[in-house]
Amino acid sequence: LVSGRCSLEIVQKALAAGIPIVASVSAPSTLAVNFARESGHTLVSFLRPPTFNVYAHIERLALDVEVSKF
């Protein structure tokens, strides 16, 4: 969980550490979203319970709610 904006560097460090899911309370950068999609990482942002946005690989999350797709 990142307390600020999710950058490309954060997602790269998660990849190097073997962490498959990155979550942040603020917006992700476009580069972070693109890298997460290409590298197979799940990227969650605007994490403010009870809501959040998933930008990449939602299939990794176990959700018990209806998912709206844009």
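The values are calculated or read from the model by the stated rules, or taken from the named source; none is laboratory data. The model shown is predicted, which means the values in this text are computed figures rather than measured ones. Please note: Cβ atoms are built from the backbone with ideal geometry, for glycine as well, and neighbour counts cover all protein chains shown.
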Report task. Considering every residue within region 57-65, establish whether at least one is acidic (Asp, Glu) and modelled with pLDDT under 90. Result -> yes
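Can you pull out the residues in region 16-30 that are assigned to a helix (DSSP H, G or I) and over 12 Å from the mean Cα position of the chain (by Cα)?
Pass one, region 16-30, residues assigned to a helix (DSSP H, G or I): 16-17, 30.
Passing the criteria: ALA16, ALA17.
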**Report entry** region 34-53 residues that are surrounded by fewer than 19 Cβ atoms within 10 Å (Cβ to Cβ), paired with ones that are modelled with pLDDT of 90 or more and of a type in the set (S, T, N, Q) (beta carbon under 6 Å, 6 or more apart)
**Finding:** PHE46/ASN53; ASN53/SER45
Report task. Tell me which residues, restricted to region 1-33, are surrounded by fewer than 12 Cβ atoms within 10 Å (Cβ to Cβ) and either in contact (Cβ under 8 Å) with a residue 60 or more places away in the chain or touching a helix residue (DSSP H, G or I) at 6+ places or on another chain (Cβ under 7 Å) (or both). Result -> none
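Any residue at all in region 35-53 that's among the β-branched types (Val, Ile, Thr) and at pLDDT below 90? Quick ask: steps written out before the conclusion?
As a first pass, look at region 35-53 and keep what is among the β-branched types (Val, Ile, Thr): 42, 44, 51.
Pick out the ones that are also at pLDDT below 90 and you get 51.
Looking for residues that are among the β-branched types (Val, Ile, Thr) and at pLDDT below 90, one finds at least one in region 35-53, hence yes.
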